[in-house]
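Down below is the structure, laid out as structure tokens.
The values are calculated or read from the model by the stated rules, or taken from the named source; none is laboratory data. Since this is a predicted model, take the numbers as computed values, not measurements. Note that each Cβ is placed from the backbone with ideal geometry, even for glycine, and that neighbours are counted across all protein chains shown. Just so you know, the surface numbers come from the protein's heavy atoms only, side chains and all, with ligands and any DNA or RNA stripped out. Shrake-Rupley method; radii C 1.70, N 1.55, O 1.52, S 1.80 Å.
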Amino acid sequence: MRTGRISEHGFLADGCSAALVDRAGAVNWWCPHRFDAPSVFGRLLGGDAGYWSVRPEGEFTSTRSYLDDTLVLRTVFTTATGTAAVTDTLALEPGARGHEIGLRPPRVLARVVEGLSGEVPMRTDYVPRFEYGRVRAYLVERDGVISAAAGVCRLDLRADVPLTLTDAAAVGRFTARAGSTHRFTLGYAPTYSGTEPALPDAARVVADAVTGWRSWADLHDYRGEYRDQVRRSAMVVQGMTYGPSGAVVAAATASLPEQIGGDRNYDYRFVWLRDFSLTLQALWRAACPDEADRQFTWVARAIGRIGDAPVPIMYGVEGERDLTEHDLDHLAGYEGSRPVLVGNDAWRQRQNDVLGEVLDAAWLMRHYLDPMSPEVRHLLHTLADQAVLDWHRPDAGMWEARDAERHYVSSKVQCWTALDRAVRFGPRIGGPADVARWAAARDEVRATVLDRGWNERVGAFTGAFDSDDLDASVLIMPLVGFLPADDPRMRATMDVVERRLSRDGLLRRWDDDPAGFVICSFWLAACRAEAGEIDRARQMFEQLAARANDLGLYAEQIDQVTGEQLGNFPQAFSHIGLIIAAGRITDAVARRAGDRAAVPTGAAHTEGATG
């Protein structure tokens, strides 16, 4: 059976891991130990890497939605003989509420089938494959529980329907009749942990997950523009948060391609400092700033004391440094897109933009960092010092180029951001001599960017110094306050970038980018709002919002011609972009109305930049 398209999947999360379920009721991805662990269901990346489906036997259509303010997914199947619903969730710790959800999940996947009308013959196929499909476990039934154990994994499945076992799979057939309920509970535990997988009642798991997610949503009451889209995106970002550390992974998957059949198939189940910064900004916008100090403390501990080497730009969810990349050459890849990569060698790169992104997030959240811990103070001071030393060096840039380092304009701008925010922090993170040194370097960076980043021939700021090539990353300039959006140079840049890189609201990063990059598209809408072009910003935002799948989820990129979602899924960057753009439109509407009180506290964090 063919795996669903990337965008046909729904997203389940429990604070440690994620599962993807397609419209046909198949779980095609689950790494139960933690986000970046090997999969037990990995059919997204290869037909023999495991899945678990619950669906009608014959032809059907399906519709689905999340239960309100949750990541609990309900799929309704309609057949010629009746309708049935399958409700799927990853379990939260029983009784966990608010900010406690995701801290200690039991690592359980629950599925509940309800007959809604008539009779629907149903089928379940349970095909676990451990270590990304490398390991087939023997399935053994004991006391109504099907156990699969091999290597470091153990899965136990309890179902209230009969299952027929083979040596590596189980199949069940049953009928969903109006008013009937059938329950499936799948629990995971490491083989040698000394504990058995938990197998709570599936219906109770669903009810508790609904209450838990809604308790979290009730703490975050965003009141700006596009409220529904912002609340959904904020919940998706929360779903990609590793609860024990507070770190947010870039995406739930590995090696989904930027281009079908292409080789840019990277593992995004790690924590980028860039994403951490933008995540904090987005959650602040979405009225979710409560754990700023915890997240900054995690970053400080992950980075450790910084010496002369470049700041590490990404980590495992508990702060691991070595994320060495390797090819799963036994897998065919999504739609034949190879290599299939896990790990990510970008951890070795210099990316100078992260200096500004962390300090910008700290400035935005400064009231939540008071009193500032010694670890965070040292981190911010050291990042500012590194910006003084490194701003003039080439780097791999925010798109993580693997061919050569360049003097990327966006990297220079973010070094300016780091120094600008350090100067604003002043004595909270440094002495008078430090502040003077940071201010002098900030002014030097600014003058250099305005001189060498602007290309008169192109009529825009280009991607790198002395280059003619456009790069959508320069759209951050007004968003960090380097230049006002209505500065003639910035307006010209927005116009050129949109004219040459955009199609139907989807903006590529550069000329040869194979598809529209979602966060860049939202950045352009945010820049238009900052320039006072509110109607245009709204049009762009709404055009992009319509590109989400039926559950409001985005991958990293969207094909400009076919509209197909591409890349890892769901992508935190894309949802962060939506939240930031909605916030900038909210600010612009408030400014037009002259109602400064309508702008959320801290929204003026970019004030002070001059043209």
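Whether a residue is open to solvent by 10 Å² or more (accessible area, probe 1.4 Å), aromatic (Phe, Trp, Tyr) and either closer than 18 Å to ASP390 by Cα or not in a helix (DSSP H, G or I) (or both) was assessed, and TRP363 does not pass this test.
If you go through the stretch 56-67 one residue at a time, do you hit one that is open to solvent by less than 10 Å² (accessible area, probe 1.4 Å) and touching a Ser or Thr at 6+ places or on another chain (Cβ under 8 Å)?
Let us first name the residues in the stretch 56-67 that are open to solvent by less than 10 Å² (accessible area, probe 1.4 Å), namely 56.
When the remaining residues are screened for being touching a Ser or Thr at 6+ places or on another chain (Cβ under 8 Å), the result is 56.
Within the stretch 56-67, one or more residues are open to solvent by less than 10 Å² (accessible area, probe 1.4 Å) and touching a Ser or Thr at 6+ places or on another chain (Cβ under 8 Å).
Search the stretch 1-45 for residues being hydroxyl-bearing (Ser, Thr, Tyr) and modelled with pLDDT of 95 or more, and hand back the single one that is farthest from the chain's Cα centre (by Cα). It would help to see each step written out before you state the result.
Going residue by residue through the stretch 1-45, those that are hydroxyl-bearing (Ser, Thr, Tyr) are 3, 7, 17, 39.
Retained after the next criterion (residues that are modelled with pLDDT of 95 or more): 7, 17, 39.
On the way: SER7: 14, SER17: 13, SER39: 18 Å.
Among residues in the stretch 1-45 that are hydroxyl-bearing (Ser, Thr, Tyr) and modelled with pLDDT of 95 or more, the one farthest from the chain's Cα centre (by Cα) is SER39.
Take ALA287 and tell me if it is over 23 Å from ALA396 (Cβ atoms) and touching a His at 6+ places or on another chain (Cβ under 6 Å). When the stated conditions are applied, ALA287 passes them. Only residues that are within 24 Å of the chain's Cα centre (by Cα), surrounded by fewer than 20 Cβ atoms within 10 Å (Cβ to Cβ) and not in a loop (DSSP other than H, G, I, E, B) were counted in the stretch 68-86, giving 1.
Answer yes or no as to whether ALA597 is part of a helix (DSSP H, G or I), among the hydrophobic types (A, V, I, L, M, F, W, C) and at pLDDT below 85. Working first, answer last.
Numbers: part of a helix (DSSP H, G or I): yes; among the hydrophobic types (A, V, I, L, M, F, W, C): yes; at pLDDT below 85: yes.
Yes, satisfied.
Summed over the stretch 387-402, residues that are of a type outside the set (A, V, I, L, M, F, W, C), open to solvent by less than 10 Å² (accessible area, probe 1.4 Å) and touching an Asp or Glu at 6+ places or on another chain (Cβ under 9 Å) total 2.
For (1) hydroxyl-bearing (Ser, Thr, Tyr); (2) farther than 30 Å from ALA590 by Cβ; (3) surrounded by fewer than 23 Cβ atoms within 10 Å (Cβ to Cβ); (4) touching a helix residue (DSSP H, G or I) at 6+ places or on another chain (Cβ under 6 Å), each residue gets a yes or a no:
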site: ALA170; (1), (2), (3), (4): no, yes, yes, no
site: THR175; (1), (2), (3), (4): yes, yes, yes, no
site: LEU199; (1), (2), (3), (4): no, yes, yes, no
site: ARG227; (1), (2), (3), (4): no, no, yes, no
site: MET235; (1), (2), (3), (4): no, no, no, no
site: GLN238; (1), (2), (3), (4): no, no, no, no
site: GLN259; (1), (2), (3), (4): no, yes, yes, no
site: TYR266; (1), (2), (3), (4): yes, yes, no, no
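Just checking, how many residues over the stretch 181-196 are touching a Leu at 6+ places or on another chain (Cβ under 8 Å) and open to solvent by 10 Å² or more (accessible area, probe 1.4 Å)? So the answer is 1. Can you tell me which of LEU283, LEU278, LEU273 is open to solvent by less than 10 Å² (accessible area, probe 1.4 Å) and touching a residue at least 12 places away in the same chain (Cβ under 8 Å)? When all the criteria are applied, what remains is LEU273. Name the residue, out of VAL480, VAL474, VAL449, that is more than 30 Å from the chain's Cα centre (by Cα) and of a type in the set (A, V, I, L, M, F, W, C). One residue alone meets the criteria, VAL449. The criterion of at least 1 residues that are surrounded by fewer than 17 Cβ atoms within 10 Å (Cβ to Cβ) is met, among helices (runs of 4 or more DSSP H) falling completely within the stretch 466-575, by 488-501, 534-545.
Within the stretch 214-239, if we keep just the residues that are of a type in the set (D, E, K, R) and within 12 Å of GLY552 (Cα to Cα), the residue that is nearest to the chain's Cα centre (by Cα) turns out to be ARG232. List pairs: first in the stretch 191-218 and in contact (Cβ under 8 Å) with a residue 12 or more places away in the chain, second of a type in the set (Val, Ile, Thr) and open to solvent by 40 Å² or more (accessible area, probe 1.4 Å), Cβ under 6 Å, 6+ apart or cross-chain? Matching pairs, first to second residue: THR191/VAL152. Residues in the stretch 290-307 that are closer than 22 Å to ALA234 by Cβ, at pLDDT 75 or above and part of a loop (DSSP other than H, G, I, E, B): there are none.
Kindly evaluate SER215 against the criterion of being outside any loop (DSSP other than H, G, I, E, B), of a type outside the set (A, V, I, L, M) and either modelled with pLDDT under 90 or buried (at least 24 other Cβ atoms within 10 Å of the Cβ) (or both).
Details: outside any loop (DSSP other than H, G, I, E, B): yes; of a type outside the set (A, V, I, L, M): yes; either modelled with pLDDT under 90 or buried (at least 24 other Cβ atoms within 10 Å of the Cβ) (or both): no.
In short, no.
LEU341 meets the conditions (1) touching a His at 6+ places or on another chain (Cβ under 9 Å); (2) of a type outside the set (S, T, N, Q); (3) closer than 23 Å to TYR242 by Cβ; (4) modelled with pLDDT under 85 in every case but one. The failed one is (4).
Given the criterion in contact (Cβ under 8 Å) with a residue 60 or more places away in the chain and touching a Gly at 6+ places or on another chain (Cβ under 6 Å), identify the matching residue among GLY262, GLY243. Reasoning before the result, please.
Details: GLY262 fails: touching a Gly at 6+ places or on another chain (Cβ under 6 Å).
Just one listed residue meets the conditions, GLY243.
Taken over the stretch 221-258, the criterion of being in contact with a strand residue (DSSP E or B) (Cβ under 7 Å, 6 or more places away or on another chain), of a type in the set (S, T, N, Q) and within 21 Å of ARG547 (Cβ to Cβ) is satisfied by THR253 alone.
Going by the structure shown, is GLU405 of a type in the set (Asp, Glu) and out of contact with any Asp or Glu (no Cβ under 7 Å at 6 or more places or on another chain)? Spell out how you get there, then give the answer.
Values: of a type in the set (Asp, Glu): yes; out of contact with any Asp or Glu (no Cβ under 7 Å at 6 or more places or on another chain): no.
No, not satisfied.
Here is the figure for the stretch 6-42: residues that are open to solvent by 10 Å² or more (accessible area, probe 1.4 Å), within 24 Å of GLU564 (Cβ to Cβ) and of a type outside the set (S, T, N, Q) total 3.
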